[in-house]
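Read-outs throughout are calculated quantities, based only on the coordinates presented, and are distinct from any laboratory measurement. Source: prediction; values computed, not measured. Backbone-built Cβ (ideal geometry, glycine too); neighbour counts: all protein chains shown.
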Amino acid sequence: MSLGKIRVSELVVVLSIFEVGSTTLFLMGAEAKQDAWLAMLIGATAGFLLLLLHLSIHRRDPQLDLFRLFRRYMGKYLGTFINILFVGYFTYEASRNLRDFGELTIMSLLNRTSLWIIILIVVLIIANLVRYGPEVFFMFCMILFPVMLIGYLVISVLIPATGLFHFEYMLPVLEFGLMPAVTSAIPEIVSFPFGQTVLFLVFYPLAMKGRNLPRAVIVTYIISALFLTVFNQLNIFVLGTELAPNMTLPLLETVQLIQLTQVFERTDALFTMVLYIGLGTKMAAFYLGAVIGLERITKISYKKWVLPLAILLYYLAFLSPNYTHHIEIGRGIAVNRWWPIFQIILPILLFLVMVIRRRKKA
């Protein structure tokens, strides 16, 4: 796997699609009600600090990816153990996106199709993409990005154009004070989606070196965070603070209300398409990160790990008996208790070890 083979523009496009990913499926910061926008901004700010931490780690040793960094600075045994944990984290996240993909398809398009068939088709398609490696994956995302961008722009224009937009649903601001927004943001919104950028420590060394990499990543992150904040608040503007938090897929319900006679009648199909792009990209990115990690641990080519991991992903996608349990495990337990270990604690520990060893060497 060659270093410097991915353009910075390709990297930031994948970062933007990855950040949006499956986030628009849910109402983030629902506990803050009309102040969900503030919870998103608080979460994005905390996630921005994590992003700066990741970029600082990369800047100190730009030739090494996440797995090689832990191996080098944590030692052979502890570093390998942490790498195995990260592979497990990336694999489970990919399996969750796979289940989301299947459930979304059944809810919106193919309600008579068996879930196992949909998930099987999806995992085979994504596995085939991952098999070709990072370069093909990043170039493929460059093709999909304009489609996703246009889809969301059309939706953002049609919602106010059809009279669904109610600004008064956002008032009063801070009705219950600042704490509901803070508790909604930390750790849930920080962990999902903003803390997930830890995955890109695997991809930064693959990008062409230059001073514009950190700047481009930071600008892309800020734009993506503002975009997510606006689209998250659209659920409140359309459905209100009582209805939106109780919807399984609030933005899909919002888009289904759009009706322009003889012009747009099935905008939910458009929204589903852009969600497919986000979900597929996010799943493929985690999948790719997991197989690269297995290559680093075992010294066996990542291509030989694609099929075994596909089988594991298919199995993990069915761990939850139903969608309600799937959401409860993901957003109720994993996001709040497990993922901060990988997104916050371990990167901080790695950074501190790097700083200490650098000072000792000096």
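The distance between label points at HIS325 and LEU109 comes to 2.7 nm (points 7 Å beyond Cα on the Cα→Cβ vector).
Compared with the dominant principal axis of the Cα atoms in the chain, helix 76-108 is inclined by about 20°. Within straight-line reach of LYS304, meaning a Cα separation under 27 Å, sit the following lysines at least 8 residues removed in sequence or on another chain: LYS5, LYS76, LYS282.
Note on LYS33: aspartates and glutamates with a C-alpha under 14 Å away, same-chain residues under 8 apart excluded, are GLU168, GLU175, GLU242.
At q = 0.19, 0.20, 0.21 Å⁻¹, what log₁₀ I(q)/I(0) does a Debye calculation on the Cα points of segment 1-145 give, no solvent, two decimals? Computed log10 I(q)/I(0) values: -1.44, -1.45, -1.45.
Of ILE311, ILE341, ILE143, the residue with the greatest mean-square motion in the GNM of the chain, using alpha carbon springs below 10 Å, is ILE143.
Here the Karplus relation 6.51 cos²θ - 1.76 cosθ + 1.60, evaluated at θ = phi - 60°, turns the backbone of segment 302-307 into coupling constants of 4, 5, 6, 9, 4, 5 Hz, with x for every Gly and Pro. Ellipticity at 222 nm from helices only: DSSP H runs of n ≥ 4 in the chain, each -39500 (n - 2.57), divided by the residue count, give -22000 deg cm²/dmol. Listing SER22, SER108, SER95 from fewest to most neighbouring C-beta atoms within 10 Å gives SER108, SER22, SER95. Annotation for GLU242 and PHE81: the two label points, set 7 Å from Cα along the Cα-Cβ direction, are 5.4 nm apart. Of the GluC sites (Glu not before Pro) found in segment 152-252, the ones in coil according to DSSP and having at most 12 other Cβ atoms within 10 Å of their Cβ are GLU175.
Centroid-to-centroid, using Cα positions, segment 8-24 and segment 270-347 are 16 Å apart.
Over the C-alpha trace of the chain, radius of gyration and Dmax come out as 20.3, 71 angstrom. Extending 7 Å from the Cα toward the beta-carbon at both ARG358 and VAL219 defines two label points whose distance is 2.5 nm.
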